[in-house]
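Remarks on the structure that follows.
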Amino acid sequence: MTIRPFIILSLILLAACGQTPQQADAAETAGEKAPVAERAGYAIVIHGGAGTILKENMTPEREQAYMDALNAALDIGEGILKKGGSSMDAVEQTVIYLENSPLFNAGKGSVFTHEGKNELDASFMDGATRNAGAVGGVTVVKNPIQAARAVMEQSVHVLLTGKGAEQFAEEQGLEIVGPEYFYTEDRWQSLQRAKAAEEQPTGALSSNPDHKFGTVGCVALDKAGNIAAGTSTGGMTNKRYNRFGDVPVIGAGTYANNATCGVSCTGHGEYFIRYAVAYDISALMEYKGLSLEEATRHVIHEKLLEAGGSGGLIALDKLGNVSLEFNSPGMYRGYARPGEREVGIYGEK
Ligand code: ASP
């Protein structure tokens, strides 16, 4: 692999132009990282969704807004991990930030259902205990990731849906908002375009060029060696019949196990459920001895691609190796480890 000389060369070039590695945010940079030999002090990796994200469709201002939001999210999670905080707190607080941003399809920026509503899903998993919690189809919980964590920690269940999940969140003292809180003009217009495209002969969800999977996710490894993962989404534009995708399905959109890895996915959820993508990464490492990179590349670029499933994932292993793989044109993403940070949007040139 030629990644080490590349990194060294990059560092020299960065030093020459007075930039620190931390400032090396390149919207174009992608996936592969040099393997970590000893456990990194901490590591955090995030995504803000994958899909048809192309530089030619982006204004410089919008690109900057995404890069700033990804960096701000990493600042929050990294700040917690640096101080010795838990991976669970880092994941929760980072995802809350992304949920509150209208840029991403989660929380405030959630997409609309066919009926013009917002139905939100989220999941949370603790790699130390393999406890997990999730909510599906909530319409009034401001931060569904908090509800997912509460299901994990405060209930005997794993997945709560609809009105019951909302009642539980309220009983837990979580912030409840009116459904109008989730309205954004951008997402409303996407629904109108999706409905118009539906009337065309080629109007399938996945063939809509407007389609982006803007789900958010975070996986963290803390100084104590514990991995946690969380994912939150508004689902897919124009979804019907109370559909939910992979996000609230543990093992599909989210998984964490201290012995292997933590994973958070984004993409066409039906495929991620059918291929149990997040758990598959962990299983390939556990039973076949694959490295994180081998497992994630195989699942995203072979298995899923062959099946026609588009999307990507972020993952990290117990040493702090990170993987940010996608088979779509782009994925909002970033990671940080001590002295190291990268944020990106598009695929490799
Ligand atoms: N995976 C999500 C779903 O199918 C969508 C996304 O990643 O944006 O609901």
_Looking only at the range 269-296, count every residue that is surrounded by fewer than 24 Cβ atoms within 10 Å (Cβ to Cβ) and over 20 Å from R39 (Cα atoms) and tell me the total._
12
*asked:* Could you go through the range 86-96 and let me know if any residue there is within 15 Å of the ligand (Cβ to nearest atom) and assigned to a helix (DSSP H, G or I).
replied: yes
*Output the residues belonging to the range 309-320 that are touching a helix residue (DSSP H, G or I) at 6+ places or on another chain (Cβ under 7 Å), outside any strand (DSSP E or B) and open to solvent by 10 Å² or more (accessible area, probe 1.4 Å).*
S310
*asked:* Taking the conditions exactly as written (among the hydroxyl-bearing types (S, T, Y), within 16 Å of G235 (Cα to Cα) and not in a helix (DSSP H, G or I)), does T113 satisfy them or not?
replied: yes
*Which condition number does T266 fail, the rest of (1) open to solvent by 10 Å² or more (accessible area, probe 1.4 Å); (2) touching a residue at least 12 places away in the same chain (Cβ under 8 Å); (3) within 16 Å of the ligand (Cβ to nearest atom) being met?*
(1)
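State whether one or more residues within the range 274-286 are at pLDDT 95 or above, away from the ligand (no atom under 14 Å from the Cβ), in a helix (DSSP H, G or I) and touching a His at 6+ places or on another chain (Cβ under 8 Å).
Start the filter on the range 274-286 by keeping residues that are at pLDDT 95 or above, which leaves 274-286.
Cutting the leftovers down to away from the ligand (no atom under 14 Å from the Cβ) gives us 279-286.
Next, from what is left, pick out any that are in a helix (DSSP H, G or I): 279-286.
After this cut, where a residue has to be touching a His at 6+ places or on another chain (Cβ under 8 Å) as well, the list is 284.
Taking every residue of the range 274-286 in turn, at least one turns out to be at pLDDT 95 or above, away from the ligand (no atom under 14 Å from the Cβ), in a helix (DSSP H, G or I) and touching a His at 6+ places or on another chain (Cβ under 8 Å).
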_Members of the range 193-221 that are over 30 Å from E92 (Cβ atoms), modelled with pLDDT of 55 or more and of a type in the set (A, V, I, L, M, F, W, C)_ = A194, A196, A197
*asked:* With under 16 Å from R333 (Cβ atoms) and of a type in the set (S, T, Y) as the only criterion, which of S282, S310 stands out?
replied: S310
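Of all residues being among the hydrophobic types (A, V, I, L, M, F, W, C) and either touching a residue at least 40 places away in the same chain (Cβ under 8 Å) or assigned to a helix (DSSP H, G or I) (or both) in the range 166-188, which is surrounded by the most Cβ atoms within 10 Å (Cβ to Cβ)? Just the residue, please. Let's see the steps before the verdict.
To start, the set of residues in the range 166-188 that are among the hydrophobic types (A, V, I, L, M, F, W, C) comprises 168-169, 174, 176-177, 182, 188.
Okay, now just the ones that are also either touching a residue at least 40 places away in the same chain (Cβ under 8 Å) or assigned to a helix (DSSP H, G or I) (or both), so 168-169, 182, 188.
Details: F168: 20, A169: 25, F182: 23, W188: 12.
In this case the residue turns out to be A169.
Which of the residues spanning the range 99-117 are open to solvent by less than 10 Å² (accessible area, probe 1.4 Å) and either out of contact with any helix residue (DSSP H, G or I) (no Cβ under 9 Å at 6 or more places or on another chain) or not acidic (D, E) (or both)? Steps first, answer last, please.
Restricting attention to the range 99-117, the residues satisfying the condition of being open to solvent by less than 10 Å² (accessible area, probe 1.4 Å) are 99, 104-107, 109-113.
Matches in the range 99-117: F104, N105, A106, G107, G109, S110, V111, F112, T113.
Pick from V151, V141: which is open to solvent by less than 50 Å² (accessible area, probe 1.4 Å), modelled with pLDDT of 95 or more and over 21 Å from C265 (Cα atoms)?
V141
The values are calculated or read from the model by the stated rules, or taken from the named source; none is laboratory data. Bear in mind that the values here come from a model prediction, so they are computed numbers and not experimental data. As a convention, Cβ positions derive from the backbone with ideal geometry for all residues, glycine included, and neighbour counts pool all protein chains shown. For the accessible areas, the whole protein counts, side chains as well, though only heavy atoms, and no ligand, DNA or RNA atoms are used. Shrake-Rupley method; radii C 1.70, N 1.55, O 1.52, S 1.80 Å.
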